[in-house]
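K.L.:
Let me give you the structure first, and then I'll get to my questions.
The values are calculated or read from the model by the stated rules, or taken from the named source; none is laboratory data. The shown structure was predicted, so the numbers you read here are calculated from the model rather than taken from an experiment. No Cβ is skipped: glycine too gets one built from the backbone with ideal geometry, and neighbour counts run over all protein chains shown.
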Amino acid sequence: MIQLNGRNAHVKALATDPDSDSETIKDTLSSIKDGIEEKAVGCAYVIKSVDNDIAEVDSEIKRLNDRRRGLTSNRDRLKQALTDAFQVAGINKGKTPMLTVWIQASTSVQVPDDYRLLPPQFVTKKVTHVVDKRSIKAALEAGTTVVGAELKTNWSPRIR
């Protein structure tokens with residue numbers, strides 16, 4: 001766990017506040033009077049700390065999604081057990097002063113996984129277009145002109 005002090009803790013607080021805007025963060029960083037190396041190291045610690053927070057959030061999202069899947073599965077089993085019980089008893093409805101429970105028939109269409117097994121008039125063709133950036137990059141690096149595309153150099157910090 002990374003412990004941040006004073007200014008860096010304030011920068012992290014801004015970086016983790018969803019209501020903070022990028023200008024406020026930039027202004028706060030520019031108000032720090034340290035040299036570029038000290039400022040870079042402080043900023044790197046803030047980035048690592050935010051990365052740790054993101055990892056914790058991702059872990060919690062996974063845990064909650066797993067819990068949701070379990071709850072959904074249990075609910076579906078309960079619904080099926082209730083439907084089965086009604087059908088075995090030969091009834092469609094149960095009523096109490098607090099709740100009314102009933103089963104209702106519905107119709108769904110079952111189709112094979114392979115669409116080619118169906119007559120063509122019941123199949124709709126869907127076309128999607130995907131840009132192949134790898135081949136465009138290779139062509140541009142080889143000196144070929146690709147209209148509408150260009151190589152762009154992006155810079156980003158690396159922290160070890």
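K.L.:
Give the residues of the stretch 31-56 that are surrounded by 10 or more Cβ atoms within 10 Å (Cβ to Cβ) and aliphatic (A, V, I, L, M), sorted by residue number.
P.N.:
The answer is ILE32, ALA40, VAL41, ALA44, VAL46, ILE47, VAL50, ILE54, ALA55.
K.L.:
Next question, about the same structure. Quick one: would you say GLY42 is small (Gly, Ala, Ser), under 30 Å from LYS12 (Cβ atoms), modelled with pLDDT under 95 and in contact with a helix residue (DSSP H, G or I) (Cβ under 6 Å, 6 or more places away or on another chain)?
P.N.:
On the way: small (Gly, Ala, Ser): yes; under 30 Å from LYS12 (Cβ atoms): yes; modelled with pLDDT under 95: yes; in contact with a helix residue (DSSP H, G or I) (Cβ under 6 Å, 6 or more places away or on another chain): yes.
Against the criterion (small (Gly, Ala, Ser), under 30 Å from LYS12 (Cβ atoms), modelled with pLDDT under 95 and in contact with a helix residue (DSSP H, G or I) (Cβ under 6 Å, 6 or more places away or on another chain)), GLY42 qualifies.
K.L.:
Which pairs do you get when a residue that is closer than 16 Å to SER106 by Cα, found in the stretch 71-93, comes within reach of a residue that is hydroxyl-bearing (Ser, Thr, Tyr), reach meaning Cβ atoms under 9 angstrom, with the pair 6+ apart or on two chains?
P.N.:
Matching pairs, first to second residue: LYS93/THR100.
K.L.:
If I ask for residues that are in a loop (DSSP other than H, G, I, E, B) and hydrophobic (A, V, I, L, M, F, W, C), which ones from the stretch 100-140 would you list?
P.N.:
Step one: filter the stretch 100-140 for residues in a loop (DSSP other than H, G, I, E, B), giving 103-114, 118-119, 123-132.
Passing the criteria: ILE103, ALA105, VAL109, VAL111, LEU118, VAL123, VAL127, VAL130, VAL131.
K.L.:
Please enumerate the residues belonging to the stretch 72-99 that are assigned to a loop (DSSP other than H, G, I, E, B) and either among the hydroxyl-bearing types (Ser, Thr, Tyr) or in contact with a strand residue (DSSP E or B) (Cβ under 7 Å, 6 or more places away or on another chain) (or both). Before you say what the answer is, go through the steps one by one.
P.N.:
First, pick out the residues of the stretch 72-99 that are assigned to a loop (DSSP other than H, G, I, E, B): 90-92, 96-99.
Across the stretch 72-99, the qualifying residues are ASN92, THR96.
K.L.:
Of (1) under 20 Å from ARG158 (Cα atoms); (2) loosely packed, with under 12 Cβ neighbours inside 10 Å; (3) not acidic (Asp, Glu), ILE61 satisfies all except one. Which?
P.N.:
Going through (1) under 20 Å from ARG158 (Cα atoms); (2) loosely packed, with under 12 Cβ neighbours inside 10 Å; (3) not acidic (Asp, Glu) one by one, ILE61 breaks only (1).
K.L.:
Looking at (1) of a type outside the set (Gly, Ala, Ser); (2) more than 30 Å from CYS43 (Cβ to Cβ); (3) loosely packed, with under 10 Cβ neighbours inside 10 Å, which one does TRP102 not meet, given that it meets all the others?
P.N.:
(3) is the only condition that TRP102 fails.
K.L.:
Which of the residues belonging to the stretch 145-160 are surrounded by 10 or more Cβ atoms within 10 Å (Cβ to Cβ) and modelled with pLDDT of 95 or more? Write out each step before concluding.
P.N.:
Kept after step one, since they are surrounded by 10 or more Cβ atoms within 10 Å (Cβ to Cβ), are these residues of the stretch 145-160: 146, 149, 159.
Within the stretch 145-160, VAL146, ALA149 meet the criteria.
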